[in-house]
C-alpha cells in the first residue's frame, strides 16, 4: 500500500513526508519525539510480549503470596486480560468477562496487578506494545499543541484492513482526521473475524455515521472464485443484519457447485477427504493447491491420522500438529509411567509439571523409582526424606493423578480420569487456551477408545509421532504439501480446492457464539471467509455422530441449514453405505457419562 501511494505522489521530493507502517511502528516514531511530555524519556525501552509477561509475573508474586491454592490465573493470562482491556478500551472486569469469565472473581486483584505493572514500566522507562498506541492517543487527547502539530503533519490518512482495527486504533485515526477530514479506509466488514484480539467490526460499520460526508466505494468484482462459489458466499453473508450490502460478481467461468456431505463419523469424514484429495492429485492438481480448513484445532486428529496412514504430506497452520502438542505429550507421559515405571523421560516430563519439583529433585526421585517395574509399587514410594515442603506437596499432587490409573486397564478412561484430575487445574491456571486443550484431550480419548491395551495404544501413538517428526524434518520449501489451517489463519489466502470440515453445532459456530453479543454474526463472517478461499472447488462436510465405541448425535451447523439447496450439491458418502451405522454393545445400550448417547435405535 505504501509503495502504491509513493508511486502516485512521487518519490523524489523528500518534503512530501509520506509516513507508513503499522500502528505500533508509527506510534513508536511519534513517541520518540514526545514521550517526555508524558513523563517518559525519549529513549524508552520497548518490551516485547515475553518481557511484558515476565514483568507481570513479578507483579503477581509481589501482590499475592499464595496464588496456587486459589487457582489464580497465570501471568500470561493476566497480561492478556490487561492487553485486551487497553486495546478494547474497556475495564479489567469487562475484559475478564469477555476473555476469561472463569476468573471474574479475581477482578480486584488483577486490577491491582495491572496498576503495579503500569508503575513498574514507568519506573523502568519502558513501554509495551499497547502503550505505543495508548500514549499516542493520550497525547492527541490531552496535549493540544502536539495534537495540532500531528493533525497538521498528517493531512491525509490511509488505513488498510480497517475491519481488523480495535477501538484504540480507530480512536487514533478519527482524531488525526478531525482537522482536515481526509481519511481513507479500506476494508471488508464481511471479513471482520478477530474480535478475540479486540478488533471491532463497529469501527467500519459506523464509519458513515462518524463521517457523514464520507463516500463509499464498493469493490464487488471478484477475480478469485467461480460463479457458483460466489453465489453461495453472497447467500452466506446475507444472513447478517449488521453489514454493508454487497453482491460479489465473478470474472471466472462457470464451474462445479459447492458440495455438502454428511458422514456417520469423523473417521469416515477424514477417509472421504483423504480419498478426494488423492483423486484431485491424480487429476493433476498439486497438493499445495488444496487446503483443509477448520474452526477449531481439536477436531483435526482423525484427519491427521488418515493423512499419515495414506502418506499424504501436509503442513499445519494455526497451531501444532495434534501429536506434537504439549498437553498431548503430558498425558502420554502419565500413561507411559503407568505402562512402564522405568521410563525415565516420561518421569522427567511428569515431575516437571508438579509444584516445587525442579530438575535436581526430579533426579532424586528417579533414583527411587529406577528399580520399580510394577505400576502399583509406585504408590508405595515414600520419598518424604528427600523432598522439601513444596516438593512434597507436588509429589502428592502427582499421586492424586496417578493413583486412579494404577487400577485401570483401558487407555480412554485413563485419559479422561487424568483430565478431570489435578492436571485440569494445571491447564486452567497456566494456559490461556485451557478450554481448547481440554477439547483436544477429549478427542485424544475418543481416539483411544479403539484400543483395549495400553501398550498397543502407546505403540501406535509413538509410530504416528515418529512419522510426523520425520515428515517435518524432511520437509522443504519446494516440497508439495497439503495445507491444514484454521480458518482464521487462512484469511487472505486462496486455493483451487478447499475442504471445510466438521461443520457441526458447538464447533462451527462455537458454543460461546450463542451467548456473546453478535457472536453468531462473527461466526457467519468466518464461514464466509472460509468459502471465499476457494477458487474452483468448495467442499463442506460434517459427521453426524461423535465418539468411537459410544454414540453421541451431532447436529449440522446452522449455517448449513441456512443454505439454499439450489446453490449446493448435497451428496451422501459412497464408501460406507447411505445411512449412518449405529452399533450397540452386547447389552444394547451405552454408558451415558458426560455425554448424551442413544440407548436404543428407536430413539433416533
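The values are calculated or read from the model by the stated rules, or taken from the named source; none is laboratory data. None of the values given here were measured: they were computed from a predicted structure. Quick reminder, even Gly has a Cβ in these numbers, built from the backbone with ideal geometry, and neighbours come from all protein chains shown.
Restricting attention to segment 107-126, does a residue exist that is surrounded by 13 or more Cβ atoms within 10 Å (Cβ to Cβ) and in contact with a strand residue (DSSP E or B) (Cβ under 6 Å, 6 or more places away or on another chain)? Checking segment 107-126: at least one residue is surrounded by 13 or more Cβ atoms within 10 Å (Cβ to Cβ) and in contact with a strand residue (DSSP E or B) (Cβ under 6 Å, 6 or more places away or on another chain). When segment 385-428 is limited to residues that are farther than 24 Å from residue 443 by Cβ and part of a loop (DSSP other than H, G, I, E, B), the one that is nearest to the chain's Cα centre (by Cα) turns out to be 407.
Just one of the listed residues (339, 324, 304, 315) is over 28 Å from residue 557 (Cα atoms), under 26 Å from the mean Cα position of the chain (by Cα) and in contact (Cβ under 8 Å) with a residue 60 or more places away in the chain, namely 324. Determine if segment 201-220 includes at least one residue that is touching a residue at least 40 places away in the same chain (Cβ under 8 Å) and either over 30 Å from the mean Cα position of the chain (by Cα) or surrounded by fewer than 18 Cβ atoms within 10 Å (Cβ to Cβ) (or both). No, segment 201-220 has no match at all.
Scanning segment 224-231 turns up at least one residue that is closer than 25 Å to residue 510 by Cβ, crowded, with 18+ Cβ neighbours inside 10 Å and more than 25 Å from the chain's Cα centre (by Cα). Would a scan of segment 515-528 turn up a residue that is within 28 Å of residue 323 (Cα to Cα), in a loop (DSSP other than H, G, I, E, B) and either touching a strand residue (DSSP E or B) at 6+ places or on another chain (Cβ under 9 Å) or modelled with pLDDT under 95 (or both)? No, there is no match, as no residue in segment 515-528 is within 28 Å of residue 323 (Cα to Cα), in a loop (DSSP other than H, G, I, E, B) and either touching a strand residue (DSSP E or B) at 6+ places or on another chain (Cβ under 9 Å) or modelled with pLDDT under 95 (or both). No other residue among 290, 305 is over 15 Å from residue 498 (Cβ atoms) and outside the structural domain of residue 189 (by TED's automatic domain parsing) apart from 305. Taking the conditions exactly as written (touching a helix residue (DSSP H, G or I) at 6+ places or on another chain (Cβ under 6 Å), surrounded by 14 or more Cβ atoms within 10 Å (Cβ to Cβ), closer than 28 Å to residue 451 by Cβ and assigned by TED's automatic domain parsing to the domain that holds residue 454), does residue 405 satisfy them or not? For residue 405, the condition - touching a helix residue (DSSP H, G or I) at 6+ places or on another chain (Cβ under 6 Å), surrounded by 14 or more Cβ atoms within 10 Å (Cβ to Cβ), closer than 28 Å to residue 451 by Cβ and assigned by TED's automatic domain parsing to the domain that holds residue 454 - is met. No other residue among 134, 145 is in contact with a helix residue (DSSP H, G or I) (Cβ under 8 Å, 6 or more places away or on another chain), assigned to a helix (DSSP H, G or I), under 25 Å from residue 43 (Cβ atoms) and without any contact (Cβ under 8 Å) to a residue 60 or more places away in the chain apart from 134.
With respect to (1) closer than 30 Å to residue 348 by Cβ; (2) assigned to a helix (DSSP H, G or I); (3) touching a strand residue (DSSP E or B) at 6+ places or on another chain (Cβ under 9 Å), the lone exception for residue 319 is condition (2). Listed conditions (1) assigned to a helix (DSSP H, G or I); (2) closer than 28 Å to residue 186 by Cβ; (3) modelled with pLDDT of 75 or more are all met by residue 3, apart from (3).
Restricting to segment 98-130, and then to whatever is within 26 Å of the chain's Cα centre (by Cα) and free of Cβ contacts under 8 Å to residues at least 12 places away in the same chain, can you tell me which residue is farthest from residue 58 (Cα to Cα)? Taking the candidates together, the pick is 101. Of the residues making up segment 152-165, those that are out of contact with any helix residue (DSSP H, G or I) (no Cβ under 6 Å at 6 or more places or on another chain) and in a helix (DSSP H, G or I) are 152, 153, 164. Here 303, 285 are screened, and the one residue that is closer than 14 Å to residue 482 by Cα and not in a helix (DSSP H, G or I) is 285. Does any residue of segment 444-455 turn out to be exposed (fewer than 15 other Cβ atoms within 10 Å of the Cβ), assigned to a helix (DSSP H, G or I), over 30 Å from the mean Cα position of the chain (by Cα) and modelled with pLDDT under 90? For segment 444-455, residues exposed (fewer than 15 other Cβ atoms within 10 Å of the Cβ), assigned to a helix (DSSP H, G or I), over 30 Å from the mean Cα position of the chain (by Cα) and modelled with pLDDT under 90: present.
Can you find, within segment 232-255, the residue that is surrounded by the fewest Cβ atoms within 10 Å (Cβ to Cβ) among those that are assigned to a loop (DSSP other than H, G, I, E, B) and in contact with a strand residue (DSSP E or B) (Cβ under 9 Å, 6 or more places away or on another chain)? Looking at residues that are assigned to a loop (DSSP other than H, G, I, E, B) and in contact with a strand residue (DSSP E or B) (Cβ under 9 Å, 6 or more places away or on another chain), I get 251. Condition test on residue 91, is it surrounded by fewer than 21 Cβ atoms within 10 Å (Cβ to Cβ) and either closer than 28 Å to residue 203 by Cα or in contact with a helix residue (DSSP H, G or I) (Cβ under 7 Å, 6 or more places away or on another chain) (or both)? Answer is yes for this residue. Total residues in segment 343-361 satisfying the condition of being in a helix (DSSP H, G or I) and within 33 Å of the chain's Cα centre (by Cα): the figure is 10.
Selection of segment 166-212 for residues being assigned to a loop (DSSP other than H, G, I, E, B) and within 19 Å of residue 90 (Cα to Cα) yields 166, 194, 198, 199, 200, 201, 206.
Taking the criterion of being touching a residue at least 40 places away in the same chain (Cβ under 8 Å) and assigned to a helix (DSSP H, G or I), the residues of segment 83-97 that qualify are 83, 84, 86, 87, 88.
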